[in-house]
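Have a look at the structure below, then the notes.
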Amino acid sequence: MPHLERHGSATQLVVDGHPFLIVGGELRNSSSSSREHMKGLWPRLAGIPINTVLTPVSWDMIEPEEGRFDFTLLDGLVADARQQNLHLVLLWLASWKNGMSSYAPVWVKQDFQRFARVPDSNGGGRELLSPLCEASRNADARGFAALLRHVREIDGTAHTILMVQVENEVGILGDSRERSATADLAFAGPVPGALVDFIRGHRAALVPEMREILDAAGSRDAGTWEQVFGRGPVTDEIFMAWNYARYVGFVAAAGKAEYPLPMYANAWITQPYFPTPGTYPSGGPQARLLDVWHAGAPSIDILAPDLYGPNFTEWCAKYPRSGNPFFIPETEPGAPGAAHIFYAVGQCDALGFSPFGIDMPPERMGPEFGRSTAVLLQLAPLLLGHQGLGDMTGFILDKDHPSSAAAIGGYRLEISLDSIFGHTAEKGYGLVVATGPDQFVGAGTGFMVRFVPVTPGPPLAGLGRVEDGTFLDGKWVPGLRLNGDETDQGLHWRFSHFETAIQRCSLYRFR
């Protein structure tokens with residue numbers, strides 16, 4: 001069945017015994033609530049091309065009455081995806097979606113005595129379930145277990161469904177922590193022993209941000225939340241992270257007991273326009289809280305960022321830490337996604353990449369993302385064989401960042417925006433893999449590479465053979481032999497900004 005395996009320093013998704021790269025896209029929130037609506041979309045999604053669709057499965061639709069389950073819609077979605085040879089990742093929208101509880105069943109929403117809410121700043125109610133409520137947690141877990149039991153029954157051998165997202169962008173909005181009587185009592189009490197023990201046992205391996213928080217508070221091993229972590233919104237967020245992690249982890253464990261697919265939790269990450277806990281959902285799996293979530297939710301395999309806004313490359317560096325596999329379940333579609341997928345896979349060994357709103361009209365999506373995915377799907381077997389081995393690099397170039405460098409395969413690669421006859425590309429992106437001695441495969445658009453030897457031997461490197469082509473079932477099919485203008489008269493390995501291409505080159509050394 002689908003599972004995660006280490007490959008060098010990377011973690012890969014393995015399906016039917018082979019590593020699998022998710023080249024995917026996430027549907028808009030309501031698209032999959034109607035099989036009829038989706039029927040016209042499946043061929044278009046497959047034609048982008050992608051190999052995996054991330055689709056919501058909401059608690060309110062599969063358990064409309066407590067204890068009565070209806071999987072008719074899910075069965076239809078799975079059948080229709082199979083017709084287009086597409087895989088699925090299920091998004092369990094249940095207790096929380098974007099920090100709120102709009103996808104919980106009506107029978108949960110109506111029973112606000114049994115299923116406790118987080119009070120607003122005035123003490124009133126709102127549509128937000130408390131992560132400290134065991135009744136909500138248990139009901140959610142029973143529904144999730146029923147879902148995974150059904151998935152095992154309909155997909156235990158076909159493996160159309162690869163992974164499951166448990167909840168969506170959890171956390172408190174509008175405040176840094178819950179301030180109900182139950183939450184206040186827990187916050188005033190001691191930090192749970194399980195979290196204290198985890199911090200003590202992993203102190204040297206904690207992410208730097210967490211070590212800084214602990215050091216600033218006096219590096220105490222035990223005490224109340226404010227004694228261990230200090231006073232302020234940061235500690236409020238750690239408190240909420242522990243409670244959300246325990247809740248989400250409990251739900252995930254219930255599902256895994258039925259069918260142990262890989263499971264992940266996603267984060268609405270902080271941004272300049274969401275600067276403090278509560279302006280974004282406080283308590284979600286932020287990068288600085290990876291250790292709290294690992295301690296509280298060991299049944300969650302991946303803590304995944306929803307990467308929107310600026311600083312994409314910086315965020316990519318923050319999540320593959322503390323042994324956390326790297327997966328991007330939501331990000332910008334269109335032209336930004338076309339560039340970012342090369343960086344995520346080539347530089348950060350991502351096991352998958354999925355822009356949000358993949359079902360938006362083609363004219364809004366634009367052609368660039370499809371060009372990138374067509375190339376990445378061809379390259380997937382090669383890339384998966386090299387992930388985690390240190391012989392691959394990815395990059396994104398623009399006028400503010402016109403160059404990059406990497407040392408792979410015995411050479412220093414000096415990568416810059418493509419330039420010829422006085423014209424420099426405005427943007428470029430791609431990846432390069434060292435496939436053997438003096439052998440490289442590259443893909444992308446708008447960049448060029450100069451090779452500088454870093455191993456003993458003649459000091460200069462020349463382009464021996466350059467050709468474009470395609471990969472068919474993992475085997476190279478050569479196209480044009482490139483020289484002259486296409487290689488800047490032998491000075492650079494060039495990828496024109498007019499297309500997204502795959503090329504292979506060999507080098508020779510001379511003095």
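Since every read-out is calculated from the coordinates, none of them should be taken as a lab result. Only a predicted model underlies this, so the values are computations on that prediction, with no experimental measurement involved. So basically every Cβ, Gly included, is an ideal-geometry build from the backbone, and we count neighbours across all protein chains shown.
Cα centroid distance between the range 418-459 and the range 314-343, in Å? The two parts, judged by their Cα centres, are 23 Å apart. Placing a label point 7 Å from the Cα of Ala181 along the Cα-to-Cβ direction, the residues of the range 123-143 whose backbone N falls under 20 Å from that point are 123-126, 128-136.
222 nm [θ] for the chain, helices only, -39500 (n - 2.57) per DSSP H run of 4+, per residue, to 500?
Numbers: 16 runs with 160 residues, N = 511.
For the chain, the value works out to -9000 deg cm²/dmol.
Using Cα centres only, tell me the gap between the range 462-508 and the range 1-70 in whole Å. Cα centroid to Cα centroid, the span is 35 Å. Close Lys pairs in the chain (alpha-carbon distance under 28 Å; sequence gap of 8 or more, or different chains): 9. Given the alternatives (1) 78, 57, 39; (2) 72, 64, 58; (3) 103, 72, 43, Cα extents along the principal axes in Å as computed for this entry is given by (1). Summary: within the chain, the longest segment free of GluC sites (Glu not before Pro) located in DSSP loops with at most 15 other C-beta atoms within 10 Å is 128-425.
Annotation: peptides 315-323, 440-448, ranked by per-residue average of other Cβ atoms within 10 Å with the highest first, follow the order 440-448, 315-323. Placing unit charges on the Cβ atoms of the charged side chains and taking the dipole of the chain about its Cα centre, the candidate lying farthest along the positive direction among Gly385, Phe112, Ile358 is Gly385.
Between the alpha-carbon centers of the range 345-400 and the range 195-270, tell me the distance in whole angstrom. That distance is 31 Å.
What FRET efficiency do you get for Arg126 and Arg220 if R0 is 41 Å and r is their Cβ-Cβ distance, rounded to the nearest 0.05? Walk me through the numbers on the way to the answer.
Numbers: r = 35 Å, r/R0 = 0.85.
Here the calculated transfer efficiency is 0.75.
Would you kindly state how much longer the chain becomes between Ser34 and Thr470 on full extension, computed as 0.36 nm times their sequence separation minus their alpha carbon distance, in nm to one decimal? Show your work: numbers first, answer last.
Details: separation 436, 0.36 × 436 = 156.96 nm, distance 3.77 nm.
Result for the pair: 153.2 nm of gain on full extension.
Based on Cα contacts under 8 Å between residues 6+ apart, the range 392-510 shows a relative contact order of 27 percent.
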